[in-house]
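First up is the structure itself, then whatever we jot down about it.
The values are calculated or read from the model by the stated rules, or taken from the named source; none is laboratory data. Being a predicted model, the structure only gives us computed values, none of them experimental. Here Cβ is always computed from backbone atoms with ideal geometry, including for glycine, and neighbour counts include all displayed protein chains.
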Amino acid sequence: MNPNKALWEKGDFTAIASFMRQSGEALVKSLGIAPPLRVLDLGCGDGTTAVPLALLGVDVVGIDIARNLVEAGNRRAAAMGLTRLTFQEGDACNLEGIGDHSFGLTLSVFGAMFAPRPFDAAREMVRVTRPGGRVVMGNWIPNDPTSFVSQLLKISSAFTPPPPEGFVSPMTWGVDTHIIERFGQAGVPRESISMVRDTYWFTAPDHSPAQVIDIFRRFYGPTMNAFEAADKSGTADQLHSQLVELAQAHNKGTDGGTSIGATFLRVTVSL
């Protein structure tokens, strides 16, 4: 199996996505879009941004590499009566079956950044977006002390074996020079790319930070892999304590709940 597919089908990202709904809605609102418009949500999960997009009345295609998330998204769309929203399996590095210039907006929030071939992903996002449209990405920033997820991934990676030769870290999508180079090779000039820092919130008023980490441990592929490796090396308690300490340090929630902000890089490519 495709290792990226295996990673995201390993757990159940819907459990993590439940903490991300409010920020997904806020991000979509900030895009200032209105129908008629056809939107691609790439690496969509079960619809954290695809659902609020569809609620605006635009046509949305959600593509994700994980079959379980596609199935969950289609269940959500059906339950909500969102006939303009469909989910399907696909690979950000090769959007087979998607025609050139099919979408006015291609959105990927913490999705395409995990595709293993970033130059291919950039090329495909540009290819399927029409002239005059936009590509918008949300990417975690490497080693950013203000980003909970960046730090969670950094800690987790310290407990896992080295990646295979040729592996390109998804965190490189949070570095401006890499972004410019990747979209540049896809034919986009530097002046058409803008980047700003933004904040995404993980909100769980009924969960403590330690409980949130437990959910990451059970359902988030990268954290699951880290704990599996740590179990074998006898360092699982150390990993757990570091992650709980991280969540507690970032938590702004009250009354025992969790509200954790994570800084990310918001990239807009104008075509």
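Details
- Tallying residues that are closer than 13 Å to Met137 by Cα and either out of contact with any Lys or Arg (no Cβ under 9 Å at 6 or more places or on another chain) or part of a loop (DSSP other than H, G, I, E, B) (or both) within segment 182-196 yields 1.
- Any hit, segment 235-248, residues being within 18 Å of Ala17 (Cβ to Cβ) and in contact (Cβ under 8 Å) with a residue 60 or more places away in the chain: yes
- Ala54 surrounded by 15 or more Cβ atoms within 10 Å (Cβ to Cβ), farther than 17 Å from Met137 by Cβ and at pLDDT 95 or above: yes
- Filtered residue count, segment 214-271, keeping only those that are over 23 Å from Pro142 (Cβ atoms), in a helix (DSSP H, G or I) and either among the acidic types (Asp, Glu) or touching a Lys or Arg at 6+ places or on another chain (Cβ under 6 Å) (or both): 4
- Sole exception among (1) touching a strand residue (DSSP E or B) at 6+ places or on another chain (Cβ under 9 Å); (2) over 21 Å from Ala26 (Cα atoms); (3) without any contact (Cβ under 8 Å) to a residue 40 or more places away in the chain; (4) not acidic (Asp, Glu) for Cys93, by number: (1)
- When restricted to residues that are in a helix (DSSP H, G or I) and either among the acidic types (Asp, Glu) or within 18 Å of the chain's Cα centre (by Cα) (or both), segment 75-112 contains 1.
- A count restricted to segment 251-271 and to residues that are closer than 21 Å to Ser18 by Cα, β-branched (Val, Ile, Thr) and under 15 Å from the mean Cα position of the chain (by Cα) stands at 1.
- Residue check, Phe202 outside any helix (DSSP H, G or I) and under 21 Å from Asn4 (Cβ atoms): no
- The one condition from (1) crowded, with 24+ Cβ neighbours inside 10 Å; (2) touching a Pro at 6+ places or on another chain (Cβ under 8 Å) that Gly45 does not meet is (2).
- Restricting attention to segment 152-181 and to residues that are among the aromatic types (Phe, Trp, Tyr) and assigned to a loop (DSSP other than H, G, I, E, B), the residue that is surrounded by the fewest Cβ atoms within 10 Å (Cβ to Cβ) turns out to be Phe167.
- Residues that are surrounded by fewer than 24 Cβ atoms within 10 Å (Cβ to Cβ), in contact with a Phe, Trp or Tyr (Cβ under 9 Å, 6 or more places away or on another chain) and among the hydrophobic types (A, V, I, L, M, F, W, C), drawn from segment 106-147: Phe110, Phe114, Val126, Val128, Ile141
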